[in-house]
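Novice: Below is the structure I would like to discuss, written out as structure tokens.
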Amino acid sequence: MDKIFTVRLSDDKNAVEIIDQTLLPNEIKFLRLETPEAVFEAIKELRVRGAPAIGIAAGFGMYVCAKKLSEDNFYGELNKLGNYLVSSRPTAVNLAHAVERMLSAAKGADKKLALALLYEESTKIYDEDKQMCRKISEYGLTLVKDGDGILTHCNAGALAASEYGTGLGTLLLGKEKGYNFHVFSDETRPLLQGARLTSFELNHAGIDVTLICDNAASLLMSQGKIDACFVGCDRVAANGDTANKIGTRSVAINAKFHNIPFYVFCPSSTIDFNCESGEKIVIEERGGDEIKTKFFEKPIAEAEVKCFNPAFDVTPAELITAIVTEKGICRYPYTSSLKKLFG
Ligand code: MRU
């Protein structure tokens, strides 16, 4: 198998390179994204997905595409490019954060200098993510013990970030250190990130993984097979309310009922201190075809049946046992604990 990477800048620095996650686990194909439209499409269609990974893709995308902008109105066009990329997906704040960082790095510079600054900033976003994922994983390991049963939802592994990932980072690092976890991966309807991506990643890392339907999680909890739930996140509001893949909220409610710790793994790039609470988080809605037809030989409902397909939900802060960040572990109430860590 080719060496897997999620997202990176090409050697010639003229393209964002990604693995096309829509084809996994059946086909491993890498893509070169060289235009704003190609980067936008790849993010929108989830060829590259996961909050940190789309932030990294947007950073590299802005650098690559900025080379073709006119010298005269360079910063104006860069702004337009940034707004365009941000509009590809609304919920993960990493995307907007990465674009903001790129814009402020280039502010006031002429095109030549701006390009050098944009290159520097985009690689910084990437390198920082690697370091944050590693630190988060180290903190995560303090919360579990060898042999634990872990339930995870969606994919918060290396495919969602630069390396290690967030929610799965603890499991991948733990494996390197000799821990044997038993992971239960929710398939994660409708786009099946748990089945297609998480079970693929963990299986290749040699971690014991069992794929379950989303609605089997509660039974497993009642049977005592789950010691902790691990999820990533797309936006954490200042009060700790957390947006993540649709279905995460049900996992948290179930975990509370069964007295099982529910942990959110969160790099600081995913915290939105400008967003007071979960009510303010915009939830992406996607097409009904993803529910009715995408993964089926024949449609599973009649064409005229309406669908509602929100891509994320918000887990209230009080259901979250801890938020694990690169700077340490925060506990409820998060308004004060997050502020204390991040100032
Ligand atoms: O729609 P997706 O696949 O981009 O959703 C991703 C998730 O919900 C992840 O759990 C989240 O981005 C955390 S990734 C470290």
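Novice: Residue check: is residue 64 crowded, with 18+ Cβ neighbours inside 10 Å, touching a Lys or Arg at 6+ places or on another chain (Cβ under 8 Å) and β-branched (Val, Ile, Thr)?
Specialist: Against the criterion (crowded, with 18+ Cβ neighbours inside 10 Å, touching a Lys or Arg at 6+ places or on another chain (Cβ under 8 Å) and β-branched (Val, Ile, Thr)), residue 64 qualifies.
Novice: Shifting gears a bit: Could you tell me which of the residues 92, 160, 105 is closer than 26 Å to residue 237 by Cα, crowded, with 20+ Cβ neighbours inside 10 Å and away from the ligand (no atom under 16 Å from the Cβ)?
Specialist: 105
Novice: Can you find, within segment 17-41, the residue that is least open to solvent (accessible area, probe 1.4 Å) among those that are closer than 13 Å to residue 60 by Cα and in a helix (DSSP H, G or I)?
Specialist: 39
Novice: With at pLDDT 95 or above and surrounded by fewer than 20 Cβ atoms within 10 Å (Cβ to Cβ) as the only criterion, which of 187, 138 stands out?
Specialist: 138
Novice: Any idea which residue in segment 299-343 is nearest to the ligand (Cβ to nearest atom), counting only those that are acidic (Asp, Glu) and either crowded, with 20+ Cβ neighbours inside 10 Å or within 23 Å of the chain's Cα centre (by Cα) (or both)?
Specialist: 313
Novice: Could you list, in sequence order, all residues of segment 141-157 that are part of a loop (DSSP other than H, G, I, E, B) and either at pLDDT below 95 or more than 9 Å from the ligand (Cβ to nearest atom) (or both)?
Specialist: If the condition is that a residue be part of a loop (DSSP other than H, G, I, E, B) and either at pLDDT below 95 or more than 9 Å from the ligand (Cβ to nearest atom) (or both), then 142, 143, 144, 145, 146, 147, 148 are the ones that fit.
Novice: Quick test for you: out of 80, 111, pick the one residue that is over 23 Å from the mean Cα position of the chain (by Cα), open to solvent by less than 60 Å² (accessible area, probe 1.4 Å) and over 27 Å from residue 246 (Cα atoms).
Specialist: 111
Novice: Then there is this: How many of the residues making up segment 240-278 are more than 20 Å from the chain's Cα centre (by Cα) and of a type outside the set (A, V, I, L, M)?
Specialist: Looking only at that region, the number is 7.
Novice: How many of the residues making up segment 225-239 are more than 15 Å from the chain's Cα centre (by Cα) and among the charged types (D, E, K, R)?
Specialist: Number satisfying all stated conditions: 2.
Novice: Name every residue in segment 110-119 that is of a type outside the set (Asp, Glu) and in contact (Cβ under 8 Å) with a residue 24 or more places away in the chain, in order of residue number.
Specialist: Result: 111, 114, 115, 118, 119.
The values are calculated or read from the model by the stated rules, or taken from the named source; none is laboratory data. Keep in mind that this is a model prediction, so the values were computed, not measured. Quick reminder, even Gly has a Cβ in these numbers, built from the backbone with ideal geometry, and neighbours come from all protein chains shown. Heads up: the accessible areas ignore ligands, DNA and RNA and are worked out on the full protein's heavy atoms, side chains in. Shrake-Rupley method; radii C 1.70, N 1.55, O 1.52, S 1.80 Å.
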